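Read the structure below first, then the notes.
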There are 4 protein chains.
Amino acid sequence: MPILGHTQYGKAEVRVVRIHRDTDPHVISDHNVSVALSGDYADTHLTGDNTRVLTTDAVKNTINAFAKEAGDAARTPEAFGLALARHFTGVPQVSRVRVGIETFPWRRLEHAGAPHPHAFARDGGHVRTTTVTRAGDGAEWVTSGVAGLVVLKTTDSEFHSFYTDRYTTLAETTNRVMATEVTAQWWHAEHPADWDTAHATAITAMTSAFAGHHSLALQQTLYEMGTQVLATGPGIGEIRFSLPNKHHFLVDLAPFGLKNPGEVFHADDRPYGLIEGTVRRDDAPAPGPAFDPGQAW
Amino acid sequence: MPILGHTQYGKAEVRVVRIHRDTDPHVISDHNVSVALSGDYADTHLTGDNTRVLTTDAVKNTINAFAKEAGDAARTPEAFGLALARHFTGVPQVSRVRVGIETFPWRRLEHAGAPHPHAFARDGGHVRTTTVTRAGDGAEWVTSGVAGLVVLKTTDSEFHSFYTDRYTTLAETTNRVMATEVTAQWWHAEHPADWDTAHATAITAMTSAFAGHHSLALQQTLYEMGTQVLATGPGIGEIRFSLPNKHHFLVDLAPFGLKNPGEVFHADDRPYGLIEGTVRRDDAPAPGPAFDPGQAW
Amino acid sequence: MPILGHTQYGKAEVRVVRIHRDTDPHVISDHNVSVALSGDYADTHLTGDNTRVLTTDAVKNTINAFAKEAGDAARTPEAFGLALARHFTGVPQVSRVRVGIETFPWRRLEHAGAPHPHAFARDGGHVRTTTVTRAGDGAEWVTSGVAGLVVLKTTDSEFHSFYTDRYTTLAETTNRVMATEVTAQWWHAEHPADWDTAHATAITAMTSAFAGHHSLALQQTLYEMGTQVLATGPGIGEIRFSLPNKHHFLVDLAPFGLKNPGEVFHADDRPYGLIEGTVRRDDAPAPGPAFDPGQAW
Amino acid sequence: MPILGHTQYGKAEVRVVRIHRDTDPHVISDHNVSVALSGDYADTHLTGDNTRVLTTDAVKNTINAFAKEAGDAARTPEAFGLALARHFTGVPQVSRVRVGIETFPWRRLEHAGAPHPHAFARDGGHVRTTTVTRAGDGAEWVTSGVAGLVVLKTTDSEFHSFYTDRYTTLAETTNRVMATEVTAQWWHAEHPADWDTAHATAITAMTSAFAGHHSLALQQTLYEMGTQVLATGPGIGEIRFSLPNKHHFLVDLAPFGLKNPGEVFHADDRPYGLIEGTVRRDDAPAPGPAFDPGQAW
């Protein structure tokens, strides 16, 4: 007999832009919001009875309305996500809410030698990510994160003395180009006073670690980056990284009578090494469902 | 104090194409293979000691070599993934392997009124997906799946009688266009004799269910699709779906003096409803880590 | 002094889906329509005077309305494009219209052993493309085309005896895998009676030529494909191809003690050879602006 | 009879990264290079005779070798493209070369309160584009450009008093959000002394114009942006823009009892207005093939 297992549903990728005009200069909050609701929805699955189903259209409407109603909370994705999660756990049949937000940074354009009060360019260097998970009993988990942050160092990276088997042909190196596109998410065991400052501080910690660390393996760099983010304060309980090794292969120029002392590289697309790892504070509580997306796999 | 949590690493997206020339006509197996290894890799993270690290380059080499060495196993992604997983759990320090494969179907071209023995066109209708998870103790979990399968029905879909709150504005409908892009993964509690036939049978079951079912909610359609896949035989223990509701909005043509009785629609991009759910056999064992990607979140 | 040069404007990527319910079974026309208008629009550029500017919102509305008003013309992209172009050249200040359409094919799903009358799966094997260009004097040019058609042959392809210089290192081969993703556009010097049949015939001609031709260079295959499309009838005056050489590199398995007689390949992403060429009928008139997108470059 | 028309061929998307280590700090040049060659290649198309065909593999090798051999010329895409174009027009049968380059900017990471000498983050705010066209007789055309530059202003944009027809329903506005993703290419009638400075100056001119201009139409903003780029010096003969109107639609919050005085917007994906236009210096010579990509359409 078939039976229904875990389910969740909601509206994904609501692209809501909030302009704060009551400030001078203007401020933009540019979010891509997804909400997933869990609860007892067996009726709609088994019989098509939608009596207890809040429509995903209403979820979208709520996100848009909260961009206005939530006031200052809409300025940071973490506060916006908390406001939304607290609303949706108030819907009768909802036992768990997960809010995921991608936030797109903007920088102010220059005009006549000064930052312009209401003109912007999108800062494509990274996307800020946020998740808020809230249980029906009021427990809350917030993670902040980053995606699309591409970093590269031209030296201070070695890779050698590794395990070998019959399929190993890689040459050892004491000086390579190392590059990755950082995806990271960190869980706030305690909530900071200022989400924006906390986020900027974490990004600075991880990029500074990447720059300053002499690397023997991307795994080691990952751990160092995580350690430095945890060191920014006691609030962050755990950080998880997904670091693709964006390979830069030295081009063999010998057939053309040329030397290539670490100067000309082919930036390859696929395949790529993929290093994933967690760094946590030894005294942090368990992160619960903070990193658990629910159904998706 | 920072401590290391869960880690995994490997090579992602090895694009290996295997031509089987010992058959007439030729056969193509076109795979995008990712392998993730777990185990005790604290040394490389903490000190950069790579003594126990099999390089991701060797992982790539192994995948390529097995496309030859594994013989007939390379013809189906499930068998190929099993061969790879069994190899990698034999690497000393590896305690768990996960192999993920995207397989791209090809159809034979016609020439001179007959299928051509060695010319093909890519069948872009879906991607076949596979995961194999293997523990150090030899336990194995195989899932098969599909991604990118876009289906649409022009009628036989209703949506009404739903819960309403102050943010609900959606009109009820007894006849709408319903479309989704199916991502699904099902776990084989028992392994079928023929992976290709089993996959084709599952796809037929879910698309036939989509076509024939009179839908009161996409959630109900999901459950019906899952039920029909489980009904194809006793081997499938559980199936999980992620179904974005690809909204087709009726265009208001009244301002131009035109009626629009379900004829002209705007196919919208974002946002979209996202319905996710699991259907399982009541007598199936627990799926263990079959659906668990490990680190990624 | 700055002066205004060529301009064009319009609405791009209107995703209009037309369901034809007056037939049994139902039929879907799924189009992505872009319209670009040229004319004397100096006022809006120089002074912001929009008196003569039809809004791009109205362009969108017109496309949607014509999906209903144009009746049977909405069923094929060429006829739909002609209907739209004839309308827009009637807008007073418009001197040239270009309509570009991407059309997404659907195939009927099977249910209970028969094609279902109103359930479909998207056929992802290619996108059908169309352009209609119309001048203010009523001259019209229609092209049909294809994009995303990936084809591969496992043998019957050689490449050798090429020009060499000091940067040439490529080995000659008498048997390689050849694959490409066809983008092609052909101009109808005369309009066929049935656009759908004409399109299917052209696709069959080019894929059959790809399958059956023994190739000494992708350039030669291009010419053969073009020749066979022209041979389908006197109406097609010219065809243009853009054929990326989707390289499949033989993997060197010798380090692992394995032979690789044309069996295991790496499907590479970038870079790729790009072969572009035109085949035309020697008695065809000049194609005029049929292939000229106007401003874009 | 079929005959061969215009052809071109080459290697596309060679991802070459050049590290300049002879400077302190290190400098990265990160290019995606495509080369297309035109000439008399009828033999390869008609008979598969490749005697006069330089392989696209050799084109790739040449690009990589020139990243070393060209010395300082590899530091700016315009100089790199010129070096490549001059080489390829020296290949006997080549009558025209077109080099297209995408260049990815990097910014230096901070570490210990100072810019780091060899660690970088990709600056995702835009891609710098370059084309060099060279004829067999030595005539050269260089364009510089930008892609992916997303800009937005929260006010100072009106749109009203436009032409109306029976399909016009758009409301007039005297205050809207205006956003676009700038693609632009400008032709250097004379070559500047410093390509990097010239590029930065052009970007600053167009973004400052976007910020400071009170807009009555995106067309007017386009003309103003072009005018300001031309005003940066006498060398730029012509600039072409492709400006999608990235619509931000005011969300109707009235059903929820909320006002929305220009605060909450839906950032829509498709369709979008597309405004394209050319601004040129009245005394500039004709741009010849500077903007002509050849075969592509």
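Just a few scattered comments:
- All positions within segment C:223-237 that are outside any helix (DSSP H, G or I) and at the interface with another protein chain (Cβ under 7 Å from one of its Cβ atoms): none
- Among the residues of segment C:7-22, some residue qualifies, meaning at least one is within 14 Å of chain D (Cβ to nearest Cβ) and farther than 25 Å from residue D:243 by Cβ.
- Scope segment B:244-267; condition open to solvent by 30 Å² or more (accessible area, probe 1.4 Å) and aromatic (Phe, Trp, Tyr); matching residues: B:249
- Near pairs, Cβ below 6 angstrom, 6+ apart or cross-chain, from segment D:142-153 (of a type in the set (D, E, K, R)) to any residue that is assigned to a strand (DSSP E or B): D:153/A:118; D:153/A:119; D:153/D:178
- Here the condition is being more than 7 Å from chain B (Cβ to nearest Cβ), part of a strand (DSSP E or B) and open to solvent by 10 Å² or more (accessible area, probe 1.4 Å); of A:3, A:28, it holds for A:28 alone.
- Subset of segment A:150-190 [among the aliphatic types (A, V, I, L, M) and more than 10 Å from chain D (Cβ to nearest Cβ)]: A:170, A:171, A:184, A:189
- Residue count for segment C:87-101, restricted to those that are touching a strand residue (DSSP E or B) at 6+ places or on another chain (Cβ under 7 Å) and in a helix (DSSP H, G or I): 1.
- Scope segment B:37-48; condition facing chain A (nearest Cβ under 7 Å) and either within 21 Å of residue C:268 (Cβ to Cβ) or small (Gly, Ala, Ser) (or both); matching residues: B:48
- The C-beta contact set for segment C:3-27 (first residue under 14 Å from residue C:38 (Cβ atoms), second residue part of a strand (DSSP E or B) and among the basic types (Lys, Arg), distance under 6 angstrom, 6+ apart or interchain) comprises C:5/D:280.
- Within segment B:270-288, the set of residues being open to solvent by less than 50 Å² (accessible area, probe 1.4 Å) and more than 8 Å from chain A (Cβ to nearest Cβ) comprises B:284, B:287.
- Which listed residue is of a type outside the set (A, V, I, L, M), at the interface with chain D (Cβ under 9 Å from one of its Cβ atoms) and touching a residue at least 40 places away in the same chain (Cβ under 8 Å), from C:265, C:210, C:291: C:291
- Filtered by the rule that a residue be over 18 Å from residue A:109 (Cβ atoms) and open to solvent by 40 Å² or more (accessible area, probe 1.4 Å), segment A:6-25 gives A:6, A:13, A:22.
- Considering C:82, C:37, the condition of being over 21 Å from residue C:145 (Cβ atoms), in the same structural domain as residue C:131 (by TED's automatic domain parsing) and either modelled with pLDDT of 95 or more or part of a strand (DSSP E or B) (or both) is satisfied by C:37 alone.
- The set of residues in segment C:118-143 that are in contact with a helix residue (DSSP H, G or I) (Cβ under 7 Å, 6 or more places away or on another chain) and under 26 Å from residue C:25 (Cα atoms) comprises C:119, C:121, C:128, C:130.
- Test result for residue A:220, in a helix (DSSP H, G or I), within 10 Å of chain B (Cβ to nearest Cβ), closer than 25 Å to residue B:88 by Cα and free of Cβ contacts under 8 Å to residues at least 24 places away in the same chain: yes
- Count of segment D:49-74 residues which are outside any helix (DSSP H, G or I), open to solvent by 10 Å² or more (accessible area, probe 1.4 Å) and within 8 Å of chain C (Cβ to nearest Cβ): 3
- Scanning segment C:77-85 for residues that are surrounded by 17 or more Cβ atoms within 10 Å (Cβ to Cβ), touching a Lys or Arg at 6+ places or on another chain (Cβ under 8 Å) and at the interface with another protein chain (Cβ under 10 Å from one of its Cβ atoms) turns up nothing.
- Residues that are without any contact (Cβ under 8 Å) to a residue 40 or more places away in the chain and in contact with a helix residue (DSSP H, G or I) (Cβ under 6 Å, 6 or more places away or on another chain) were ranked within segment A:101-117; the one that is surrounded by the most Cβ atoms within 10 Å (Cβ to Cβ) is A:109.
- Verdict on residue B:241 being closer than 17 Å to residue A:7 by Cβ, part of a loop (DSSP other than H, G, I, E, B), open to solvent by less than 40 Å² (accessible area, probe 1.4 Å) and not assigned by TED's automatic domain parsing to the domain that holds residue B:35: no
- Boolean, residue D:88 is open to solvent by less than 20 Å² (accessible area, probe 1.4 Å), farther than 13 Å from residue D:30 by Cα, out of contact with any helix residue (DSSP H, G or I) (no Cβ under 7 Å at 6 or more places or on another chain) and not assigned by TED's automatic domain parsing to the domain that holds residue D:145: yes
- Taking the numbered list (1) more than 19 Å from the chain's Cα centre (by Cα); (2) open to solvent by 50 Å² or more (accessible area, probe 1.4 Å); (3) outside the structural domain of residue D:289 (by TED's automatic domain parsing); (4) not acidic (Asp, Glu) in turn, residue D:93 passes all entries but (2).
The values are calculated or read from the model by the stated rules, or taken from the named source; none is laboratory data. A quick note: this is a predicted structure, and the numbers were derived from the prediction, not measured. Backbone-built Cβ (ideal geometry, glycine too); neighbour counts: all protein chains shown. These accessible areas exclude ligands, DNA and RNA; they are computed on the full protein's heavy atoms, side chains included. Shrake-Rupley method; radii C 1.70, N 1.55, O 1.52, S 1.80 Å.
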